[in-house]
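Written out below as structure tokens is the structure these notes cover.
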Amino acid sequence: MAIKDQIDDLKDEMVEWRRDIHSHPELAFEEFRTAKVVIKKLEEFGIEVQSEMAVTGVVGTLKGNGSGPSIAIRADMDALALNEETGLHYASKYEGKMHACGHDGHTAMLLGAARYLSETRKFSGTVHFIFQPAEEGAGGAKVMIDEGLFQKYPVDAVFGLHNWPGLPLGQFAVMEGPIMAAADFFEITVIGNGGHGAMPHLGTDSIVCSSQIVTALQTIISRNIDPLLSGVITVTKIHGGDANNVIPEKVVLSGTTRAFQESVRDQLEARLTEIAHNVAAANGCSANVSYKRNYPATINSPSETNVAAKVAGLVVGSENVRRDLSPCMGSEDFAFMLQEKPGCYIWMGNGHGEGGCFLHNPGYDFNDEALTIGASYWASLIETLMPESIQEV
């Protein structure tokens, strides 16, 4: 494994940074302490810093030796609203907040790469280190873009990385095209005519109607979507009723849909709305549908994907770069950045971990042994994309 020596020397410091951030998790747009840590480190490294974009976002800018392209590399900083159950000595100090997705590790790795690049300057052009808030459902990437991220920091390409439990430590996975799905949310309010549970014929049953809608929604995937394409509809909440002998007037169904193609996304929204209205009408009820488009699909561009795979191979060996994995139906707001600029989002092995728990699990922890791997990937990516200019004698 080709870990850069200077980065290997930074391992203990990166572990310290990571565990400090882990102990002090902050939710979306509340990453004030984390941002201060990032700003302090970047300034210590001699990197130009701008803060407070999207409330708590930080961008560090570093120029290399000579002219060249401009590349952005991004880490997310926010935590999740979970109670940590790891029992670690550096576990979360805050009730109901936890770094259960590894953003503490992502931040520490990018800081490590920033320090290495500031000390070595073996590249030409400009690199922007984006420390983004609010990835977990609040769309911090889009807020940064809307506030002029790529106008203030023009770039030729943008790159992201996420740790991936279950993928062995020392491996990367990358794929051209969709790697993460679009994620949309819906809420269906079914309104009937409530009544006594012993005399259902005197009303219209919102519970029965809602049950039929839940079942009918699954026919969208099985009978409307091209079998060679992918889609998911999941009802995750059903709220209705207060008493055992009363048919409620109203039931609320909520859930999520996922897709890789925009055409499938459109079809899911249209059919879900039609089915909700028509099934409700057939049962003598009515339905109000709220459908919110959240994150688009994360789609890697071909050229940048090939470069990312090549660079990952330089760090861990080409045999440890997986190009055969399937995309994930989870979502990622780095997708908004890839809508604006070409780039690539890559998965880095986090190992199997204690109990093999995946992301967003109260028992999850980022693998500190991955810190030098991720930081070396970032540093190698910049040095590969932005080779040092040969000075004339």
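Taking a temperature of 37 °C and a viscosity of 0.692 mPa s, what whole-number D in µm²/s does Stokes-Einstein yield for segment 89-224 with Rh from Kirkwood over alpha carbon pairs? Mind showing how you got there, number by number?
Numbers: Rh = 21.0 Å.
Stokes-Einstein gives a translational diffusion coefficient of 156 µm²/s.
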Could you give me D for segment 182-295, from Stokes-Einstein at 4 °C and 1.567 mPa s, where the hydrodynamic radius is the Kirkwood radius over C-alpha pairs? Units µm² s⁻¹, please. 89
Trypsin sites (Lys or Arg not before Pro) restricted to segment 52-105 and DSSP loop, no more than 16 other C-beta within 10 Å: LYS93
With bins 5 Å wide starting at 0, give me the P(r) of segment 223-278 over every alpha carbon pair, in whole percents. 4, 15, 22, 20, 14, 9, 7, 5, 3, 0
If you place +1 on the Cβ of every Lys and Arg, -1 on the Cβ of every Asp and Glu, and leave all else neutral, what size is the dipole of segment 111-161 about its Cα centre, to the nearest 20 Debye? 280
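GLU85 to ALA282: extension gain in nm, 0.36 nm per residue of separation minus the Cα-Cα distance? All intermediate terms of the calculation are to be shown ahead of the outcome.
Values: separation 197, 0.36 × 197 = 70.92 nm, distance 4.73 nm.
Going from the current span to full extension adds 66.2 nm.
I'd like the FRET efficiency for PHE32 and THR120, computed as 1/(1 + (r/R0)^6) with the beta carbon distance as r and R0 of 35 Å, rounded to 0.05. Please list the in-between numbers first.
Values: r = 31 Å, r/R0 = 0.89.
Taking R0 as 35 Å, the efficiency between PHE32 and THR120 is 0.65.
Rounded to the nearest 5, what is the percent of antiparallel bridges among the DSSP beta bridges in the chain? Mind dumping the intermediate values first?
Working: 48 of 69 bridges.
If we restrict to bridges inside the chain, about 70 percent are antiparallel.
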Nearest 10 degrees, 0 to 90: what angle lies between the long axis of helix 206-219 and the longest principal axis of the chain (Cα atoms)? 50
Under a crude label model (7 Å from the Cα following the beta-carbon direction), how far is SER222 from LEU314 in nanometres? 5.1
Beyond 26 Å, what share of the Cα-Cα pairs of segment 7-144 remains, rounded to the nearest whole percent? 22
Estimated D of segment 321-365 in µm² per second, where Rh is the Kirkwood radius over Cα pairs and Stokes-Einstein applies at 4 °C, 1.567 mPa s: 99
For peptides 365-371, 277-283, 222-228, 333-339, sequence by mean Cβ density within 10 Å, most packed first: 333-339, 365-371, 277-283, 222-228
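Which whole-number percent of Cα pairs in segment 307-393 have a distance greater than 18 Å? Write down the numbers at each step before the final one.
On the way: 2223 of 3741 pairs.
Within segment 307-393, distances greater than 18 Å cover 59 percent of Cα pairs.
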Compute the angle between helix 302-316 and the longest alpha-carbon principal axis of the chain, please, reported from 0 to 90 degrees and rounded to the nearest 10. 60
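Grab the DSSP H runs of the chain that are 4 residues or longer, score each as -39,500 (n - 2.57), total them, divide by all residues and round the 222 nm result to the nearest 500 deg cm²/dmol.
Details: 11 runs with 132 residues, N = 393.
Result for the chain, helices only: -10500 deg cm²/dmol.
When only DSSP loop residues count, what chymotrypsin sites (Phe, Trp or Tyr not before Pro) in segment 185-278 have their Cβ near at most 11 other Cβ atoms within 10 Å?
Within segment 185-278, no chymotrypsin sites (Phe, Trp or Tyr not before Pro) qualify (loop, at most 11 other Cβ atoms within 10 Å).
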With angles folded into 0 to 90 degrees, how steeply does helix 11-23 sit against the dominant principal axis of the chain? Use alpha carbons for both and round to 10. 30
What size of dipole, in debye to the nearest 20, comes out for segment 266-393 about its Cα centre when the only charges are +1 on Lys and Arg C-beta atoms and -1 on Asp and Glu C-beta atoms? 520
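Dipole of the chain, Cα-centred, from +1 at each Lys and Arg C-beta and -1 at each Asp and Glu C-beta, to the nearest 20 debye? Spell out each step's value before the answer.
On the way: 29 positive and 50 negative charges, 128 e Å.
That gives the chain a dipole magnitude of about 620 debye.
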Find which of VAL58, MET199, GLY317 sits farthest along the positive direction of the dipole of the chain, computed with +1 on the beta-carbon of Lys and Arg, -1 on that of Asp and Glu, about the Cα centre. MET199
Quick one: Debye curve from the alpha-carbon atoms of the chain only, equal weights, vacuum; give me log10 I(q)/I(0) at q = 0.07, 0.09, 0.15 Å⁻¹ to two decimals. -0.38, -0.59, -1.28
Could you sort the peptides 372-380, 202-210 by per-residue average Cβ neighbour count (10 Å cutoff), highest mean leading? 372-380, 202-210
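Determine, from the Cβ-Cβ distance of TYR94 and GLN50 and an R0 of 41 Å, the FRET efficiency 1/(1 + (r/R0)^6), rounded to the nearest 0.05. Kindly include the intermediate steps, with their values, before the conclusion.
Numbers: r = 27 Å, r/R0 = 0.67.
Efficiency computed from Cβ-Cβ geometry: 0.90.
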Once the mean of 1/r over all distinct C-alpha pairs in segment 43-103 is inverted, the Kirkwood radius in Å reads 14.7
I'd like to compare 306-313, 321-328: which one has the highest average count of other Cβ atoms within 10 Å, and what's the full order after that? 306-313, 321-328
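Values quoted throughout were computed directly from the atomic coordinates according to the rules given, and no laboratory measurement underlies them. Predicted model, so just to flag it, every value in this text is computed and none were measured. FYI the Cβ positions are ideal-geometry reconstructions off the backbone, even for glycines, and counts take in every protein chain you see.
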